[in-house]
Structures are given as C-alpha cells and as structure tokens.
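**Student:** One structure coming up, written as structure tokens, with questions to follow.
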Amino acid sequence: MRKSRLYNRLMRFLAPARETVLAEIFEQPIFAGVAEFRDLLIDRQWPAVEDLDDRLQPMVHCRTGKPLSLRAQETLTGNEHFELRIHRQGVIPTRSNNWHDLLNALAWKKFPAIKSALNARQAETVARIGAERRTRAQDAMTQFDEAGAVVILRDRRLLALWDAHDWTELFLEQREAWSDGRISLTIFGHALLEHALQPQILLVAKALVFLSDAVPAPEEKVIDDRVAAAIVEQGCLVDPQQLRPLPLSGIPGWHRAVQDRRFYAETECFRPLRAGRVYPSPLPLRDYLRPVDEPRDERDARADRVARISGDQA
C-alpha cells in the first residue's frame, strides 16, 4: 500500500529508548497539551497496554458511537486494515513499549472528535477503493494525523507574512503575537511529540488555519469539535497542499538556540517560499463548512503584501 513520503519518513524515525529520556524533556512547550499524562511519560517503566486503556477510559468513537479500547497489537488476530478495525470494532491496535503508539493513544483521549473524523473518512475510502490504492485526501489526512497542528488566527495581517515565508517578521518582529492572543497553536500530531523526544530536531508542523474573533481563545473541546466538523464535511484535508508548514522551532521560546535574525535566516527549517506555491484561505472557526470569503479588495491587498514581502526577500 502506497504511503505518503512524510508518513514513510516519520515511520523511519527511531525513537530514543525510554530509559534515556530525561523528565525535563517533557517541560518543552510542545508537551503542554499532554501535561495531565506526565506520569505516563516520565515513569521509568512502560505502562502495559491494558493499564493504559484503563487509565484513558471512557473513550467513544464520535462518528460511530462505539466504545473504543486499546488492544495490544500482538494479541490481535486476522489482517483487518488498521482504520477499518477501529471503525468497525472500536479496537485501536497499540504496540507495547512504543512511544508512537502511546502518544497516539493520548491523542485519541485529548481529541476524540478529530481522531474519529479522520478515522471515519479513512475507513470509508479504504472500504470504497481498497487498501492498495491511496488518494491525495488520504495523504493529507495522514500528514495531519501524524504532524498536524491547529492554528487559530485573530490578526489577518500575520497571514501575509506566513504566506510569504517571512519567518523573521512572523516570529521575531511579531513575537508578541504568539503570547497576546493574536495567534495561538494547538499541537495535534502524535509524531511531532515523538520527534520532540530528541529536542535537537527542528520540528515543522503541518498546520490547518482557522480564523476566530473569540477572546479568550476557544477551549480545546470547541477546537476539537469544530475542526472535526470541517474534516467530516471535507472543508479541509482533501489535498496535502491545503496544509501550511509551520516551523515550530521558530515560535518564541520553543527552541533552545538564540532566536535572532541569524537563526531565522540560516536555520534549515526556515525555507523560502517555493515558486508558484499558494496557500488556501483559512477557515472560519465559527463557520467551518466553507473557506473564508475574503472581500475582493482585502484578498487583493493580501496578495500584494505577499508579493511585496517576497520581493524584499529576493
């Protein structure tokens, strides 16, 4: 079965042995969303799959209504497709003593609606076309499942900087925006957390962007429900090109290096905009079924800002 290049690269990643991972690793900002499960991460011993399942219950598939359970993969029989097994049986195959699957289980607990929406669409596609073929929508969903982040944007002016890959302006000159509510981030992809076990890695998330005027930021459950609705209605994740790269190492305070102009100009993860690459408009968090209908003059102004910023970088 063909997998996306990102998926194959993520699966080749060799996570560090549990006993070598220091507790301080989990103090990184990227792990803030799973802080309530810190004991499962820092304990010297792996939790048994059945104990992990007990800890995370109750879990319910938000699309099928079936109760969900973690089952040790080595105890499962048959060769049913991973996504179909979850959708039809409510069983999440989970490898023992495995960082990737432990973090995936936490994602199911933290974001049940998004995980259920992704599973429902993947299972429907596999049932319809078979496991040997793969669509661009499946690639998009897999990339988001593994490396996804949800960005809530309240200041449209930041969008042109991101469109143009003006990383110095977005992260350095506008650093207050990352703490004053103009832009906020929710980490979703469990492979991002796995890679963060080695903090020297320069992480780049695959982001979905939503506009919201809400103050304060929407609660996690609201984000979970509304992003899931957008996925189910196929308002997003129909093509990998809908995902925006977000170098997490650039966010103020998210990397141990000195985050100065040289850092943003020379560090490998801050890549220039590829010729011809155009990002889609963000979705409104309050009306997630269709892209934001920007007024023509505002859309043209944003395109002009991107062109001007890109010209200045050339």
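Readers should treat all values here as calculations from the given coordinates under stated rules, not as data from a laboratory. Keep in mind it's a predicted model, so treat the numbers as computed, not measured. Heads up, the Cβs are rebuilt from the backbone with ideal geometry, glycines too, and the neighbour counts pull from every protein chain shown.
**Student:** Quick one: give the max-minus-min coordinate of the C-alpha atoms of the chain along each principal axis, largest first, in Å.
**Tutor:** Taking max minus min along each principal axis of the Cα atoms, the chain gives 58, 44, 38 Å.
**Student:** Quick one: which residues, 5+ away or cross-chain, put their amide H under 5 Å from the amide H of residue 183? H built at 1.01 Å from N.
**Tutor:** 154
**Student:** What order, most packed first, do the peptides 185-195, 169-179 have when packing is the mean number of other Cβ atoms within 10 Å of each residue? Please report the intermediate quantities before stating the final value.
**Tutor:** Details: 185-195: 23.6, 169-179: 17.3.
Ranking the peptides 185-195, 169-179 by packing returns 185-195, 169-179.
**Student:** Using DSSP, restrict attention to beta bridges with both residues in the chain and report what percent are antiparallel, rounded to the nearest 5.
**Tutor:** Values: 10 of 22 bridges.
So the antiparallel bridges amount to about 45 percent of the total.
**Student:** Now, a different point. Can you list the lysines whose alpha carbon sits under 19 Å from that of residue 66, skipping same-chain ones fewer than 8 residues off?
**Tutor:** 109, 110, 115
**Student:** If you build the convex hull over the alpha carbons only and average its shadow over all orientations, what do you get for segment 14-133? Give it in nm² to one decimal.
**Tutor:** Numbers: hull surface 32.8 nm².
The orientation-averaged projected area of the Cα hull of segment 14-133 comes to 8.2 nm².
**Student:** Convert each backbone phi in segment 57-62 into a coupling constant with the Karplus relation 6.51 cos²θ - 1.76 cosθ + 1.60 (shift: θ = phi - 60°), then list the ³J(HN,Hα) values in order as whole Hz, x for Gly and Pro.
**Tutor:** Working through the residues one at a time gives 5, x, 10, 9, 6, 6 Hz.
**Student:** For the chain, give the magnitude of the charge dipole about the Cα centre (Cβ charges: +1 Lys/Arg, -1 Asp/Glu; no others), in debye to the nearest 20.
**Tutor:** Numbers: 45 positive and 45 negative charges, 193 e Å.
Dipole size: approximately 920 debye.
**Student:** For segment 109-201, just list the percent of Cα-Cα distances falling in each 5 Å bin from zero outward, please.
**Tutor:** So the P(r) values, bin by bin, are 3, 11, 16, 16, 16, 17, 10, 6, 3, 1.
**Student:** Let me check against my output: what whole-number percent is the relative contact order of the chain, with C-alpha pairs under 8 Å and at least 6 apart? Write out the running numbers ahead of the final one.
**Tutor:** Working: 438 pairs, mean separation 62.1, N = 314.
Computed over the chain, the figure is 20 percent.
**Student:** Which value in deg cm²/dmol, rounded to the nearest 500, describes the helix-derived mean residue ellipticity at 222 nm for the chain, given -39,500 (n - 2.57) per DSSP H run of n ≥ 4 and division by the residue count? The partial results should precede the final answer.
**Tutor:** Numbers: 12 runs with 121 residues, N = 314.
When only DSSP H runs of four or more count, the value is -11500 deg cm²/dmol.
**Student:** Arranged from highest to lowest average of other beta-carbon atoms within 10 Å per residue, in what order do the peptides 218-229, 35-46 appear? Show your work: numbers first, answer last.
**Tutor:** Values: 218-229: 18.2, 35-46: 13.2.
Ranked by mean Cβ neighbours within 10 Å, highest first: 218-229, 35-46.
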